[in-house]
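Structure, as structure tokens:
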Amino acid sequence: MTRKLFGTDGVRGVAGEFLTAELALGLGRAATLQTGAERPQVLVIRDTRESGEMLQAAVAAGVSAAGGDALLGGVLPTPAAPLLIGRYGFDLAAVLSASHNPYRDNGIKFFGADGYKLSDQSELAIERELEQSHGAAGGAGRGAAAGEREPRIGRIRELRGAPEDYLRELHTRFGELDLDGVDMVLDCANGATHHVAPEIMRRLGARVTAIADAPDGRNINSGCGSTHVQALAERVVAGGHDIGFAFDGDGDRVLAVDRRGEVVDGDELIAVATLHLRERGRLSGNGVVVTVMTNYGFHSAMQRAGIEVATTNVGDRYVLDELRARGWTLGGEQSGHIIDMGFNRTGDGIASALLTLEALDGRDLSERDAMARLPQRLVNVLVRDRGALERADGVEQGVRAAQETLAGRGRVLVRSSGTEPLVRVMVEAPTDEEADEMCARLVDLVQRELG
């Protein structure tokens, strides 16, 4: 049996259509039953989407129906979940968010008692539990239908002070960071970071201008945040600010902007953090994990520094799996999803921004020198059948020839989308001209063979 509901990051879809209150209740109940705890304690947090309150009520009802206690933490970034699990010893956490997606979408992802997102096997068990409960007469619960025990109803109550608990964890880790005199702009994507991100920066001494910090339920990620970072860049330059950070809707990603308005993506932020942690003796295994999309300049910089690089498929879950397998500390993606296992067990945008500031140690971000980016071109080519790429000998030969041309100077990556009828063509080369020319040649080849 394969998973039907869970994708690469929980269950996600249009709220009220695919992700209904009924489905949310069922997921909350099934996930709670799967904990195996006598009286499961389940944290529920959400971002600022208008559907969040409905789904919070439904998930909490499911938790209670399974005999667990639902603790409502309110609006908090996703990375608060594993930290609060560790602080209170919760058995499970449900996070209601669709990350960087538009407001109409929402999602449910679960973290286990160990602070990690649930495994594929655990998610499959939840789906099986859902199927069994739907098959029971009248939708009755497993225990009630079988007469195994008298149904137990859990409580639903507010977890007071949850934002302050998250802030306390951040302050404990970065309390020695002195941001006095640092003038920054924070783009909070009208999402889950809108309160806690400006607050921790101010507590550490920064002068903060917050934008996209007035969520109304529908403006999350709308023309703002890490997927629309140009607005932040313009604000930083216009106001003469030192630095800017843009988070996504649920706060597990961050991108930066320097005083000149140049966007600093996850590759560069990871490079800065890697060299910093190695210098501090906190880079376990002397290695870092990135994905196949990471710029060639990153690999060159790490090779010069004598730091091992492990590469995974795109997706933070693959980065995390590799970090755990190797026992390493740091990894992430070009999108700004950065995982520092020394602090948290998932990407944490606010912590990543603070780690960047710690690594800069008073220097200006525009003077960063951790890596030199190679010009990158990425084109999505519409095709009839993305699976046909594996049988396209002409494309394979063209890619091989391009790789030989760029050997030791750049790289080529041609891969199928996992969800759309697209083939992604990426070229990195020493100059813009060479990158443009080679990318155009490969795009034309893919279109002729598969378009």
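The values are calculated or read from the model by the stated rules, or taken from the named source; none is laboratory data. Note that the coordinates shown come from a computational prediction; the quantities given were computed from them, not determined experimentally. Here the Cβ is made from the backbone with ideal geometry for all residues, glycine too, and neighbour counts use every protein chain on show. Surface areas here come from the heavy atoms of the whole protein model, side chains and all, with no ligands, DNA or RNA. Shrake-Rupley method; radii C 1.70, N 1.55, O 1.52, S 1.80 Å.
Could you work out the local net charge near residue 250, counting Lys and Arg as +1, Asp and Glu as -1, over the other residues with Cβ closer than 11 Å to its Cβ?
Summing Lys and Arg as +1 and Asp and Glu as -1 gives -1.
Can you give the calculated 222 nm mean residue ellipticity of the chain, where each DSSP H run of n ≥ 4 adds -39,500 (n - 2.57) and the sum is split over every residue, rounded to the nearest 500 deg cm²/dmol?
Helix-only estimate at 222 nm: -11500 deg cm²/dmol.
Explain nothing, just compute: Karplus ³J(HN,Hα) = 6.51 cos²θ - 1.76 cosθ + 1.60, θ = phi - 60°, for every residue of the stretch 81-94 in order, whole Hz, x for Gly and Pro.
Coupling constants for the stretch 81-94: 4, x, 5, 6, 4, x, 6, 10, x, 5, 8, 6, 9, 10 Hz.
Express the relative contact order of the stretch 293-351 as a whole percentage, based on alpha carbon pairs under 8 Å and six or more residues apart in sequence.
It rounds to 23 percent for the stretch 293-351.
Under a 1.4 Å probe, what is the accessible area of the chain per residue, stated in Å²?
42 Å²
What's the Kirkwood radius of the stretch 1-91 in Å, using all Cα pairs?
13.6 Å
Considering Cα pairs under 8 angstrom that are at least six residues apart, work out the relative contact order of the stretch 168-259 and quote it in whole percent.
32 percent
On the accessible surface of the chain, probed at 1.4 Å, how many percent belong to carbon and sulfur atoms?
Percent of accessible area from carbon and sulfur atoms in the chain: 45.
Please state the relative contact order of the chain as a whole percent: Cα pairs under 8 Å, 6+ residues apart?
RCO, the chain: 12 percent.
Expressed in nm to one decimal, what extension gain is obtained for the pair residue 431 and residue 114 from 0.36 nm per residue of sequence separation less their Cα-Cα distance?
109.5 nm
Once the other residues with Cβ under 12 Å from the Cβ of residue 397 are scored (Lys, Arg +1; Asp, Glu -1), what is the net sum?
-3
In a Debye calculation with equal point scatterers on the alpha-carbon sites of the stretch 153-192 and no solvent, what is log10 I(q)/I(0) at q = 0.15, 0.16, 0.34 Å⁻¹?
Values, matching the q order: -0.63, -0.69, -1.02.
Using only the Cα atoms, work out Rg/Rh for the stretch 291-432, with Rh taken as the Kirkwood radius, to two decimals.
1.00
Between residue 98 and residues 5 or more places away or on another chain, which pairs have amide H atoms under 5 Å apart, with H built 1.01 Å from N, and which residues are they?
107
For helix 52-65, what angle does its Cα long axis make with the longest principal axis of the chain, in degrees from 0 to 90 and rounded to 10?
Helix 52-65 and the main axis of the chain meet at about 50 degrees.
Is the shape of the stretch 270-340 best called rounded, prolate or oblate, per the rule: a/c under 1.5 gives rounded, else a/b larger than b/c gives prolate, else oblate, with a ≥ b ≥ c the square roots of the Cα gyration tensor eigenvalues?
In terms of gyration-tensor shape, oblate.
Mind ordering 278-287, 430-439 by average Cβ neighbours within 10 Å, highest first?
430-439, 278-287
Quick one: Karplus J couplings for the stretch 319-330, per residue in order, coefficients 6.51, -1.76, 1.60, θ = phi - 60°, nearest Hz, x for Gly and Pro?
Using θ = phi - 60°, the values come out as 4, 5, 4, 5, 4, 5, 5, 8, x, 8, 9, 10 Hz.
Bin width 20 Å, alpha-carbon pairs only: give the P(r) of the chain as whole percents, running from 0 to the bin holding the largest distance.
The distribution over the chain is 24, 54, 21, 1, given as percents.
So how far, in whole Å, is the C-alpha centre of the stretch 60-100 from the one of the stretch 181-224?
23 Å
Quick check on packing: order 320-332, 289-301 by the mean number of other C-beta atoms within 10 Å, highest mean leading.
289-301, 320-332
Multiply the residue gap between residue 326 and residue 380 by 0.36 nm, knock off their C-alpha separation, and tell me the result in nm, one decimal place.
Separation in residues times 0.36 nm, less the Cα-Cα distance, equals 16.2 nm.
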